[in-house]
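A quick write-up on the structure given underneath.
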Amino acid sequence: MSFKRVVVTGLGALTPIGNTVEEFWNGLSNGISGCDYITRFDATNFKTRFACEVKNFEVNDFIPRQDARKMDLFTQFGVVVADQAIADSGLTEENIDHNKVGVIWGSGIGGLKTFEEEMTGYIQGNGVPRFNPFFIPKMIADGVSGQISIRHGFRGPNYVTVSACSSANNAIIDAFNYIRLGRITACVTGGSEASNTQSGIGGFNGLKALSERNDDPKTASRPYDRDRDGFVLGEGGAALILEEYEHAKARGAKIYCELIGGGFSSDAYHITAPHPDGYGAYLSMKDALDDAGITTAEVDYINTHGTSTPLGDPQEIKAIEQLFGEDTYKLSISSTKSMTGHLLGGAGAVESVASVLAIQHQMVPPTINLFNIDETIDPRIDLTPNVAKSRKVDVALSNCFGFGGHNATLIFRKL
């Protein structure tokens, strides 16, 4: 069976380092940290008092007030980036069959802010349940894909994937498969998250997963650094328009690159910790390479999961070395979470856009805050420390790994 080719024809981004794709790339290429002290609630008594928040975002600039009040913040983020990507792609009523356009989204947690607010109101009340009629549709994770579909009239497959921090990559691979199998012509895909809440910060503090570098939040996200002490929670989202190549070409669409492979695996090891030998990460990357039909020698850049956790970072590097062998030392590797923080279920979407832009600009964004490289990491490996690097980037691989042992890998190639 021959598969149809799938290309990227539109991008959208709303991140802690930029509220458009252009702003996002400017932040990435200049090594800007999106981390600062939390403004969404009083974090005085929390072990971690900082996060990577989206800044200068006023939802009513994009969504009418009566519609926005029916959406959790993660849905608002998703709708805005989907609008950006659709506009960027040039898809219109006239040049696409709306019955053949899907919306497949990723979110690891969904409407955490809505759930927290509604339950707090009930607990602090007089015991009489007075819940917002929009509580459930705002809270459920698939609310975001439904809202995007309704807003644009797309009647293809519509759902949200949930696989912790791999959610967006899983969504993108599902969209990729629907298109290359010929089931749909195009898909709005990506992910969003808004977990910078009291329960989000408190919960991850309880897991001892977050950095507690309260004296210096700008440098708290330190992937591969000897002194890293946990990840920094981020928020926002990103969207990609995936489209069947011949359809995109026929309508004269701008094409960023081609999506050529997607891989999956499970660690089958632990509910939060990665496999100590990086075996799940190895399997996911190998599956993606096999799916794409390319060799390790053809990969130029890996946007790593690289969360800045003591356990996760070295295991991913170990997996890369095991799979790529000597080709490891020809690669450029970086973790853009050093700038955006960790967007959980939305991370894969933001990092996919970063990978696509790396191909477009032939530049690898840096791993910032890399002051002292972990001694367990081979110094021959190019971690792109602190400064972006111009180089050939024809093939970019992007990893996402989630609690529960979920692993998903994407491979993009210059057309």
Calculate, for segment 84-243, the solvent-accessible area per residue in square angstrom, rolling a 1.4 angstrom probe over the heavy atoms of the protein chains. 38
Determine the alpha carbon to alpha carbon distance for each of Lys4/Lys100; Lys4/Lys389; Lys4/Lys249 and list only those over 24 Å. Lys4/Lys389
Arranged from highest to lowest average of other beta-carbon atoms within 10 Å per residue, in what order do the peptides 280-290, 207-217 appear? 280-290, 207-217
For segment 307-373, the percent of accessible surface on carbon and sulfur atoms (probe 1.4 angstrom, ligands and nucleic acids excluded) is 55
Log10 I(q)/I(0) at q = 0.28 Å⁻¹ for segment 348-412, from Debye over equal alpha-carbon scatterers, is -1.16
Tell me which residues come under 5 Å, amide H to amide H, from Lys389 once H is placed; ignore anything under 5 positions away on its chain. Val364
How much accessible surface does Glu93 have with a 1.4 Å probe, in Å² rounded to 10? 130
Chymotrypsin sites (Phe, Trp or Tyr not before Pro) in segment 81-137 lying in a DSSP loop, each with at most 16 other Cβ atoms within 10 Å of its Cβ, come to Phe131, Phe134
How much length is gained on full extension from Tyr329 to Phe62, taking 0.36 nm per residue of separation minus their Cα-Cα distance? 91.6 nm
Compute the distance in nm between two label points, each set 7 Å from the Cα along the Cα-to-Cβ direction, one at Phe371 and one at Asp277. 3.6
How much solvent-accessible surface does His98 expose, in Å² to the nearest 10, with a 1.4 Å probe and all protein chains in place? 20
Between Phe41 and Arg226, how many nm apart are label points set 7 Å from Cα along the C-beta direction? 3.7
Per residue accessible area in Å² of segment 289-345, where ligands, DNA and RNA are left out and the probe is 1.4 Å: 27
Restricting the count to DSSP beta bridges whose residues both fall in the chain, what percent are antiparallel, rounded to a multiple of 5? 65
Please report the carbon-and-sulfur percent of the accessible area for segment 10-101; probe 1.4 Å, protein heavy atoms only, DNA, RNA and ligands left out. 44
Using a basic spin-label model with each label point 7 Å from the Cα along Cα→Cβ, how many nm lie between Asp290 and Gln322? 1.5
How large a share of the accessible area of segment 104-253, in percent, is made up of carbon and sulfur atoms when the probe is 1.4 Å and the other protein chains stay in place? 53
Checking Thr20, Thr185, Thr92 against a Gaussian network model of the chain (alpha-carbon springs below 10 Å), the top fluctuating residue turns out to be Thr92
Quick one: P(r) of segment 94-160 from all Cα-Cα pairs, 5 Å bins, percents rounded to integers, in order of increasing distance. 3, 17, 20, 16, 13, 10, 9, 6, 3, 2, 1, 0
What is the Cα radius of gyration of segment 1-52 over 2.2 N^0.38 Å, N being its residue count? 1.79
Once Rg and Dmax of the Cα atoms in Å is worked out from the coordinates, which option in (1) 20.0, 66; (2) 23.0, 90; (3) 24.3, 82 does it equal? (1)
Using amide H atoms built in the peptide plane, which far-off residues or other-chain residues are under 5 Å from Gly182 H to H? Lys4
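The values are calculated or read from the model by the stated rules, or taken from the named source; none is laboratory data. Being a predicted model, the structure only gives us computed values, none of them experimental. FYI the Cβ positions are ideal-geometry reconstructions off the backbone, even for glycines, and counts take in every protein chain you see. The accessibility values were calculated without ligands, DNA or RNA, using every heavy atom of the protein model including side chains. Shrake-Rupley method; radii C 1.70, N 1.55, O 1.52, S 1.80 Å.
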